[in-house]
Amino acid sequence: MWPKHAPAGSGQHPPVVCGPRQPTGDLDYHPSVTPPPSLRRLRRVILGIAAAALVAASAPAQAARLVIACGGIGTESEQCRIAADAWARRTGHQVDYFALPRPADERLALIRQLFAAGSNAIDVIAVDVVWPGMLASHLLALTSRIDGIDRHLPAMRDAATVDGRLLAVPWFTDGGVLFYRRDLLERHRRPVPRTWQELTETAALIQRAERAAGHSPFWGYVWQARAYEGLTCNALELITSHGARLFDADGRIAFDSAPARDALTQAASWVGTISPPGVLNYAEEDSRGVFQSGHAVFMRNWPYAWSLAQGEGSPVRGKVGIAPLPHGPGGGSAAALGGRMLAVAAHTREPEAAIDLVRALTAPQEIRRRAIEAGFAPSLPALYGDADVLAANPHFGPLAEVFRQSVARPSALAGERYGQVSAALFTGFHAILAGRIDATRGTAALRATLCRPANPLLAACGAER
Ligand code: GLC
């Protein structure tokens, strides 16, 4: 049960006020004495000139013009703009925005195309935790240019470092979590599910009851089973939470073990029963649309969905709880490690301004602001003890450990080829979830795709049976 709290923001934010403080009438006159109109005008002119001089003094000798690419899910771009605009007002530099598509793999494809074409359209880029290995040759090394990097979660620092070079600075972390309708669990006297079996049963029971009461469409569980990067995350969580793994410690394929196949078979059985058939085409925002409009009891998503579900006008405001994802027999709850970091393009003509922008956007007070106003999970463990962060996100306390222990996708294992490896994984898993092939034959086919003799995608393929 989570305490009630004020809405943490729904995409509507007051403008950030930056720059020199505007003078008020109380500064240089006694409040009881009102100066004559002519004097008031003169005073405004003088103060205006003084304010302009202050801005000019703090503006850099030469203002830089930067382009930042920072789109993503939910309120990500909006939050990025709030902070980058504030930096621009404070420093006198200019920031323009490069719009990116929502799905992570489409975002990556666009960035890679730009880099491959030698374009210098972007100076600062919001990179997914799984990207640095793929983009390494196009990113500026930030080693020794950023203070306090040790304060971030070790998993995020690892993801940002390639061959000992720090290529990005953590911005926020992500971990898959279970959103549930507290009111419906109470009404139907069911506990928050701890296992996937419990989730399956409770989802079916509440779905049946709600539909019988005339609430249609209504679904038990919405998640992300579209063939895209998000499915790699969902499948990783399902398989790991059954005590299995995608790859073993030596990089060998492990997703065809019996518990991994059970996890996939169970998830396939949800499609069209407790999950809508359309879940096979759902990304994060599709699931949120169904859950937030009140048409589902459970949702797997990232923490960003919290402040939106709690926002003004949300039909489920005050009715939502968050818990660790359930687990299967022989496993424990598992959250995929997600998140974003900020990197500087190697080709930038303004490296100093670009690094300064990255510093500003990843400063502890800015990470704290994003957590409070928009629910993004901080990459700084210290903020999980911050009273204001916890008041806006009561689930961060109990989930701090989930984020700390989140499971990385095989990006370090696959290096530059992660994009191809992940595409093979989500395509193979999607076929199983869609019922086009069973888990035994589907995982065997996926193994064959990853280890094609002509072009094996993994170093450990040679060691495969
Ligand atoms: C979230 C995660 C990101 C992941 C993506 C998949 O944005 O932060 O790491 O790649 O979802 O859809």
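Every read-out reported here was derived from the displayed coordinates using simple, explicitly stated rules and does not represent laboratory data. Predicted model, so just to flag it, every value in this text is computed and none were measured. Using ideal geometry, Cβ is built from the backbone for each residue, glycine included, and neighbour counts are taken over all protein chains shown.
For the chain, what size does the Cα cloud have along each of its three principal axes, sorted from largest down, in whole Å?
85, 57, 33
How much length, in nm to one decimal, is gained on full extension between T265 and T427, taken as 0.36 nm per residue of separation minus their Cα-Cα distance? The partial results should precede the final answer.
Details: separation 162, 0.36 × 162 = 58.32 nm, distance 1.56 nm.
The T265-T427 span can extend by a further 56.8 nm.
Please report how far the C-alpha centroid of the range 101-166 lies from that of the range 187-212, rounded to the nearest whole angstrom.
About 41 Å separates the Cα centre of the range 101-166 from the one of the range 187-212.
I need the calculated FRET efficiency for the pair D183 and A459, taking r as the beta carbon distance and R₀ as 45 Å, to the nearest 0.05. Working shown, then result.
Numbers: r = 50 Å, r/R0 = 1.12.
The pair D183/A459 has a calculated efficiency of 0.35.
Viscosity 0.890 mPa s, temperature 25 °C: what is the translational diffusion coefficient of the range 322-421 from Stokes-Einstein with a Kirkwood Rh over Cα pairs, rounded to a whole number of µm²/s? Intermediate values should be presented prior to the final figure.
Working: Rh = 16.0 Å.
Estimated via Stokes-Einstein, D reaches 153 µm²/s.
Can you list the HN-Hα couplings for the range 392-407, worked out from phi with the Karplus curve (6.51, -1.76, 1.60; θ = phi - 60°), rounded to whole Hz and with x for Gly and Pro?
7, 9, x, 6, 4, x, x, 9, 4, 5, 4, 5, 5, 9, 4, 9
Any idea what log10 I(q)/I(0) is at q = 0.11, 0.12, 0.24 Å⁻¹ for the range 375-465, Debye with uniform C-alpha scatterers and no solvent?
The Cα Debye sum returns log10 ratios of -0.53, -0.60, -1.11.
By DSSP, what percent of the beta bridges with both residues in the chain are antiparallel, rounded to the nearest 5?
Values: 24 of 37 bridges.
Counting DSSP beta bridges with both partners in the chain, the antiparallel share is about 65 percent.
Using the crude model of +1 on Lys and Arg Cβ and -1 on Asp and Glu Cβ, and no other charge, please compute the dipole size for the range 201-295 relative to its Cα centre, in debye to 20. Let's see the in-between values first.
Numbers: 7 positive and 11 negative charges, 53 e Å.
For this selection, approximately 260 debye.
With a point put 7 Å past each Cα toward its Cβ, work out how far R65 is from A212 in nm, to one decimal.
Calculated label separation equals 6.6 nm.
So which trypsin sites (Lys or Arg not before Pro) in the range 345-377 pass both tests, a DSSP loop state and at most 12 other Cβ atoms within 10 Å of the Cβ? Intermediate results must be reported in sequence, preceding the final value.
On the way: sites: R349, R359, R368, R369, R370; in loops: R349.
Counting only loop positions with at most 12 other Cβ atoms within 10 Å, the trypsin sites (Lys or Arg not before Pro) in the range 345-377 are R349.
Which loop-located GluC sites (Glu not before Pro) does the range 223-321 contain, where loop means any DSSP state but H, G, I, E or B and the Cβ has at most 14 other Cβ atoms within 10 Å?
Details: sites: E229, E237, E284, E285, E312; in loops: E312.
Those satisfying the criteria are E312.
Treating only the Cβ of Lys, Arg, Asp and Glu as charged (+1, +1, -1, -1), what charge dipole size does the chain show about its Cα centre? Round to the nearest 20 debye. Numbers along the way, then the final one.
Values: 47 positive and 41 negative charges, 124 e Å.
So the magnitude is around 600 debye.
Lys and Arg at +1, Asp and Glu at -1: add these up for the other residues within a Cβ distance under 12 Å of A159 and post the number.
Working: positive: R157, R340, R409; negative: D128, D158, D174.
Computed value for this residue: 0.
Which whole-Hz couplings ³J(HN,Hα) result when phi for each residue of the range 320-331 is put into the Karplus expression 6.51 cos²θ - 1.76 cosθ + 1.60, θ = phi - 60°, listed in order with x for Gly and Pro?
Running phi through 6.51 cos²θ - 1.76 cosθ + 1.60 with θ = phi - 60° gives 10, x, 10, 9, x, 4, x, 10, x, x, x, x Hz.
Over the alpha-carbon set of the range 233-368, divide Rg by the Kirkwood Rh and report the Rg/Rh ratio to two decimals. Don't skip to the answer; put the middle values down first.
Working: Rg = 19.4 Å, Rh = 18.0 Å.
Rounded to two decimals, Rg over Rh is 1.07.
Quick check for me: using +1 on Lys/Arg Cβ and -1 on Asp/Glu Cβ, what's the dipole size of the range 115-274 about its Cα centre, in debye to the nearest 20? Walk me through the numbers on the way to the answer.
On the way: 16 positive and 18 negative charges, 119 e Å.
I would put it at about 580 debye.
State the volume of the convex hull built on the alpha-carbon positions of the range 160-229, expressed per residue in Å³ and rounded to an integer. Mind showing how you got there, number by number?
Working: hull volume 11.2 nm³, N = 70.
With only Cα atoms used, the range 160-229 gives 160 Å³ per residue.
Provide Rg over Rh for the range 94-194; use the alpha carbon set for both Rg and the Kirkwood Rh (inverse mean inverse pair distance).
Numbers: Rg = 18.8 Å, Rh = 16.5 Å.
Across the range 94-194, the Cα-based Rg/Rh ratio is 1.14.
Contour minus end-to-end for L205 and R112, with contour as 0.36 nm per residue of separation and end-to-end as the Cα-Cα distance? Don't skip to the end; give the middle numbers.
Details: separation 93, 0.36 × 93 = 33.48 nm, distance 4.61 nm.
Computed gain between L205 and R112 is 28.9 nm.
Label A412 and D150 with points 7 Å out from Cα along Cα→Cβ: what is the distance between them in nm?
1.9 nm
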